[in-house]
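Step one of this worksheet: look at the structure below.
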Amino acid sequence: MSLIFVLQIRNNEIARGRSSMVEKLSWDDFRLIKAIADTGTLPAAADRLGVAHSTVFRRLKQVEETHKLTLFERNGPVLTPTQLGEEIVKAAEHMQEEVDALALKLSGRELLPAGEVRVTTNDSLLVHLLTSLFAGFQKSCPDVTLDIVLSNAPLNLSRRDADIAIRATDTPPETLIGRRASRIAWALYTPVGLKEEVDAARWVTLGESMGEMKVVREVVANVEARRIAYRANTVLGLGEAIEAGIGIGYLPCFIGDVRPSLKRLAAPDARFATDLWLLTHRDLRNVPRIRSLLDYLAKELTSLRPLLEGERYPLFKEAPEA
């Protein structure tokens, strides 16, 4: 009998042994092992699972002793999964994905627009655009509760971090589906009472955390550093700074055009425009409460396109005199 054949037999035996062992693990065992692997310590895993530290210690010891396995290597308080531990973590991740997918599909069985919808967006969209729309939606669907999460970071809609994402982006995630509601135009604004010449004016702009945006790169590349007087890591704060008279700067038109104390210095710059997307997970698109909100927002945002795309409403066609 060749050595290779013996090794193949041994590997098959090990694989069957592992398979048998995995079949004996409960879902709680998988969750326990994954939580420890994700967090790296028993106290952190206990916090994630909502149980006592001693409970996690006892359950891990029981799993390892019962199946005569070593799932983690210990280095002081830090636990690192062994190869087998990593395999179990991967299995737990696949199981969690199946559970999440099933939960998404089951949630689609609701018949009426009722329940909670978690929406993620950013602060400027919420304050200047969406809050009034949410108010109108809840008048028509009073049994829907809205949970708003402010974040510029992408959230995992498949894990129900959010049900709907409202984002200004030209590259929406391929894992989500949705519709483009409008373009968001940007233009250059000044405080109405600014006395100095534009060529000598101080500037406000977004901070380094948003440095990849075209509008930020434009200012950094073409405005002397000494003239950039103010930076903010939020578009909402940028509008406040310009209105306070700190300097001139670029703003989305739906923010700048509705402030009587600001005037637009030029037509919107097409280089800085971005799409406004309403996004959700494909398994949620037909859930009544989510479909109702998406349809309502799409309709209302369509009517607001002249403002979003920089075609001012008549009230703002002429900037007020200083």
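The Trp27 and Asn233 beta-carbon pair, evaluated with R₀ = 35 Å, returns a calculated FRET efficiency of approximately 0.25. Using the Karplus relation 6.51 cos²θ - 1.76 cosθ + 1.60 with θ = phi - 60°, the per-residue 3J(HN,Hα) values for the range 215-227 come to 5, 6, 4, 4, 5, 4, 6, 10, 10, 4, 4, 5, 8 Hz, with x marking Gly and Pro.
In this structure the amide hydrogen of Arg202, modeled in the peptide plane, comes within under 5 Å of the amide hydrogens of Ile248, none closer than 5 places in sequence on its chain. Heavy-atom accessible area with a 1.4 Å probe sorts Lys24, Lys214, largest first, into Lys24, Lys214.
Using the Karplus relation 6.51 cos²θ - 1.76 cosθ + 1.60 with θ = phi - 60°, the per-residue 3J(HN,Hα) values for the range 84-93 come to 5, x, 5, 5, 5, 4, 4, 5, 5, 5 Hz, with x marking Gly and Pro.
Remark: the range 229-245, residue by residue, has Karplus-estimated 3J(HN,Hα) of 8, 7, 10, 9, 8, 9, 5, 4, x, 5, x, 5, 5, 5, 5, 6, x Hz, where x stands for each Gly or Pro and the curve is 6.51 cos²θ - 1.76 cosθ + 1.60 at θ = phi - 60°. If the reach is capped at under 19 angstrom between alpha carbons, list the aspartates and glutamates near Lys90, excluding any in the same chain fewer than eight residues apart. The reachable aspartates and glutamates, counting only those whose Cα sits under 19 Å from Lys90, are Glu23, Asp28, Asp29, Asp38, Glu64, Glu73, Glu98, Asp100. With all protein chains kept in place, the per residue accessible area of the range 203-290 amounts to 44 square angstrom at a probe of 1.4 angstrom. Net charge of the neighbourhood of His128, taken over other residues with C-beta under 12 Å away and scored Lys/Arg +1, Asp/Glu -1, is -2. For Ser26, the solvent-accessible surface with a 1.4 Å probe is about 50 Å², rounded to the nearest 10. For the range 121-256, a Kirkwood hydrodynamic radius built from all Cα pairs, placed in the Stokes-Einstein relation at 20 °C and 1.002 mPa s, yields a translational diffusion coefficient of 127 µm²/s. The residues packed around Gly211, meaning those with a beta-carbon under 15 Å from its beta-carbon, carry a net charge of 0 if Lys and Arg are +1 and Asp and Glu are -1.
Computed from label points 7 Å out along Cα-Cβ, the spacing between Asn75 and Asn222 is 5.1 nm.
Spatial offset of the range 52-83 relative to the range 294-311 amounts to 54 Å, using the alpha carbon center of each. Just need log10 I(q)/I(0) for the range 49-91 at q = 0.14, 0.17, 0.23 Å⁻¹, Debye formula, equal scatterers on the alpha-carbon atoms, no solvent, rounded to two decimals. Log10 I(q)/I(0), no solvent term: -0.34, -0.51, -0.92. Close amide H contacts of Ala273 (hydrogens built in the peptide plane, cut-off under 5 Å, sequence separation of 5 or more or a different chain): Trp186. Packing, as the average of other Cβ atoms within 10 Å across residues, places the peptides 60-70, 227-237 in the order 227-237, 60-70, highest first.
The values are calculated or read from the model by the stated rules, or taken from the named source; none is laboratory data. Nothing here was measured: the structure is a model prediction, and the numbers come from that model. Glycine gets a Cβ as well: all are built from the backbone with ideal geometry, and neighbour counts include every protein chain shown. SASA here: full protein model, heavy atoms, side chains in, ligands and nucleic acids out. Shrake-Rupley method; radii C 1.70, N 1.55, O 1.52, S 1.80 Å.
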